[in-house]
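The values are calculated or read from the model by the stated rules, or taken from the named source; none is laboratory data. This structure is a prediction, so every number in the text was calculated from the model and none was measured. Ideal geometry is used to build each Cβ from the backbone, glycine not excepted, and the neighbour counts take in all protein chains shown.
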Amino acid sequence: MPEHHPQYEYKSVRALRGTETKTIAKWQKDGWEVDTKDQGAILRTEITLRRVKPKTFGVSVLALFRRLEPTAQRGLLAVSGGLVLIAVVVAVVFSVRGGDGGSEPTASAAEASVEPSAEPTAKQESAATDSASVPTQSPADVPLTVQNNEDFAALLGITDPSVAAVGEFAAEYQGRTIAFDGNVAYMNHHGDYTTRYDILINAGNYSESSSAGPNFQFRDVNTTSDLRLTGSNVPDTIGTGDNLRIVARVVDYNSTQQLLFLEPISTEVR
């Protein structure tokens, strides 16, 4: 008897570094097993899972038929052939009755034959107007947050700003908008200016003893118009230790200075 090898279906999932075991355990509950694991370039692992494909009903019926004795197979075919013949006769009878011209079409058939009006109804015109008035936003315009982007979530969780993942993130998401809670870790005058600053930004709340995330920087900005301060209580200025809600655009990364430059879009004191 020939040996039957199982057929598999495959699924690919991503997991943040360090959470692979938790992710695999979740899928194992549904019968999946690990096929391959590949660590990506940006703090994540690509995991390929597989599980045995369930047998289809048609294959199961065919297998049962083949196990029957030849006499039983012929009897079953005879019964099914009779059912097919009855179905053909019924179809012919209905075809003849429908084509003799003596019966009127039913209400449903008459309604189906009515061509739709070419003129849109008032309700359709209103819906089209409402739809056109709502601006659409492309995925590239949606700010990256820790909730909607796993790469950005992993970036804000690092404690060593010199890791290669910072430069990789900047290269992949250059020009994209990010939104996060940060703080002013340090600020100094830009060159010889007295009203323009280089502002170092860390993730999360300000702390004198620790920091999180890469070294973000607003370079050569003033503390009013360039930062685009917003919110219910806009301050006259900001300084070291202030906690902020930041929306900014990724500009570039300087690996020598370990600085990820941002362009402010809006800044709100938390």
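Key figures
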read-out	value
Subset of segment 230-264 (residues that are at pLDDT below 95 and assigned to a strand (DSSP E or B))	230
Enumeration of residues in segment 228-262 that are aliphatic (A, V, I, L, M) and exposed (fewer than 13 other Cβ atoms within 10 Å of the Cβ)	234
Positions within segment 188-220 being in contact (Cβ under 8 Å) with a residue 24 or more places away in the chain, in contact with a Leu (Cβ under 9 Å, 6 or more places away or on another chain) and of a type in the set (S, T, N, Q), in sequence order	215, 217
